[in-house]
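> The following block contains the structure, expressed as structure tokens.
The values are calculated or read from the model by the stated rules, or taken from the named source; none is laboratory data. Predicted model, so just to flag it, every value in this text is computed and none were measured. Cβ sites come from the backbone with ideal geometry, for glycine too, and all protein chains shown count toward neighbours.
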Amino acid sequence: MKPRTGHRPRRDLRALWLVGPAMLVLAVVIGYPVVRAVGLSFEANKHLDPETGMFVTGGFAGVEHYLYWLTQRCMSPSGEATQCAPGQLATDFWPAVAITLFFVVVTVALETCLGMAMALVMNRSFLGRGLLRAAVLVPWAIPTAVTAKLWQFIFADQGIANSLLGTQIHWTTDPWAARAAVIVADVWKTAPFMALLILAGLQMVPQGVYEAARVDGASRWQQFTRITLPLIRPALMVAVLFRTLDALRMYDLPVIMISGSSNSPTAVISQLVITDTKSGNAQSASALSTLIFLFVFAVAFVMVRFLGADVAGTGDRPRRRWFRGRRGSGPGSGPGSGDDAATPRRTATPGSPATPPAGATGARVGASAPVGTAHPTTLNRTTTLPPDHTPNPTPNHETGKDGDR
């Protein structure tokens, strides 16, 4: 252990100089719009001033815009969120939230299953594997607007879908048919993205694990559930996280395919923001954007914190580093404390029998140990005799007695 001195080592600032410009650009490009939207959400919309009888803009509105959306109220001419009058429609916030969550759950589940199947196929070795990988990524590379128009033609009244089904389904007017059409188009476009991320995780699995499992008689299903899924779980959770956050911000696909109206059966929460902004209510639209931001942040926090989505790829190393610092800091640090205290000693001491390493109970170390466990090639064979033990004398062959001439 190095002796402590009063001089603290200088920190290497090269990484800070390299990352600093990019962080500054992100702070300007992303940070300023977020702060501006939050501040704008507390300003009043264009409303009627009762004293002058004229429409004015600006002023502090408090949480009126948030109440306007969350409680599904109507906005009065004076800029206050009040109960809707008979015949006046309230906001479609909660119906849009329900439709958005429905799209997220269904599309992410289908895309994960199809992406897993495609990744398992592309991970095998066969002729034309490279061509198949390139062909699978084509739908993901097509712009969303082009994808929406393509599927709009397919689901038209006289389109290919009705011709193949032999029925007349109104895909753009029937509520559930319209939602099904949007789901099919979204799954067709985004499943290759999931397959690409899952394939990256499959490439990291060593083939020796599968060979050992086949030797032990594991079936394909057991290999998939006991080996593949646990080992690709970090990559799978990251893929689900990215796709979930992207699905929560869905806008262009349902708008182009079905309708841009807020009363559409496929209206999502992002669609309400655009509709309110076009109506000249930028302040209430900013409040809704803030609510969407908080909702997306909450979903990401839950998935990272509780579902194990390791975005940084560090696993549990930060936690181990924290405990290591706690053990090795303060009085009593040094040999015999911290990590050193947790390390098993293999050196025999006088008066006590030698303790073999953990798990070494015989001359041969677990041939059936878990795959990936490093087996020591040699064991510590040092033995120590008890203090009351007297060694046997060398036999004397001349007299036939031990130790006596």
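> For segment 165-180, state whether one or more residues are aromatic (Phe, Trp, Tyr) and loosely packed, with under 15 Cβ neighbours inside 10 Å. I'd like the intermediate steps shown before the answer.
Of the residues in segment 165-180, the ones aromatic (Phe, Trp, Tyr) are 171, 176.
Next cut, loosely packed, with under 15 Cβ neighbours inside 10 Å only: 176.
The answer is yes; a qualifying residue exists.
> Of all the residues that make up segment 209-259, how many are within 25 Å of LEU294 (Cβ to Cβ), assigned to a loop (DSSP other than H, G, I, E, B) and not basic (Lys, Arg)?
Here is the first cut: in segment 209-259, the ones within 25 Å of LEU294 (Cβ to Cβ) are 237-255.
Within this subset, residues satisfying the condition of being assigned to a loop (DSSP other than H, G, I, E, B) are 249-251.
Still in the running and not basic (Lys, Arg): 250-251.
So the answer is 2.
> Is it the case that segment 263-275 has a residue that's surrounded by fewer than 16 Cβ atoms within 10 Å (Cβ to Cβ) and assigned by TED's automatic domain parsing to the domain that holds ALA180?
yes
> Is at least one residue of segment 226-248 touching a residue at least 40 places away in the same chain (Cβ under 8 Å), of a type in the set (D, E, K, R) and surrounded by fewer than 17 Cβ atoms within 10 Å (Cβ to Cβ)?
Among the residues of segment 226-248, at least one is touching a residue at least 40 places away in the same chain (Cβ under 8 Å), of a type in the set (D, E, K, R) and surrounded by fewer than 17 Cβ atoms within 10 Å (Cβ to Cβ), which makes the answer yes.
> Would it be correct to say that ALA212 is farther than 27 Å from GLY260 by Cβ, of a type in the set (A, V, I, L, M) and out of contact with any strand residue (DSSP E or B) (no Cβ under 7 Å at 6 or more places or on another chain)?
So ALA212 passes the test.
> A further question follows. May I ask you to say which residue of ALA119, ALA135 is surrounded by 13 or more Cβ atoms within 10 Å (Cβ to Cβ) and small (Gly, Ala, Ser)?
One residue alone meets the criteria, ALA119.
> Does PHE301 meet the test of being of a type in the set (Phe, Trp, Tyr), modelled with pLDDT under 85 and not assigned by TED's automatic domain parsing to the domain that holds LEU241?
Taking the combined requirement at face value, the residue does not satisfy it.
> Restricted to segment 206-235, and to residues that are closer than 30 Å to PRO143 by Cα and touching a helix residue (DSSP H, G or I) at 6+ places or on another chain (Cβ under 6 Å), which residue is modelled with the highest pLDDT? Before the answer, list the steps.
Quick first cut of segment 206-235, residues closer than 30 Å to PRO143 by Cα only: 232-235.
Add one more test, that the residue is touching a helix residue (DSSP H, G or I) at 6+ places or on another chain (Cβ under 6 Å), and what stays is 232, 235.
Numbers: ILE232: 91, ALA235: 88.
So, considering only residues that are closer than 30 Å to PRO143 by Cα and touching a helix residue (DSSP H, G or I) at 6+ places or on another chain (Cβ under 6 Å), the one modelled with the highest pLDDT is ILE232.
> Failed condition for ILE256, given (1) more than 27 Å from the chain's Cα centre (by Cα); (2) buried (at least 20 other Cβ atoms within 10 Å of the Cβ); (3) in the same structural domain as PRO143 (by TED's automatic domain parsing), with all others met?
Unmet for ILE256, out of (1) more than 27 Å from the chain's Cα centre (by Cα); (2) buried (at least 20 other Cβ atoms within 10 Å of the Cβ); (3) in the same structural domain as PRO143 (by TED's automatic domain parsing): (2).
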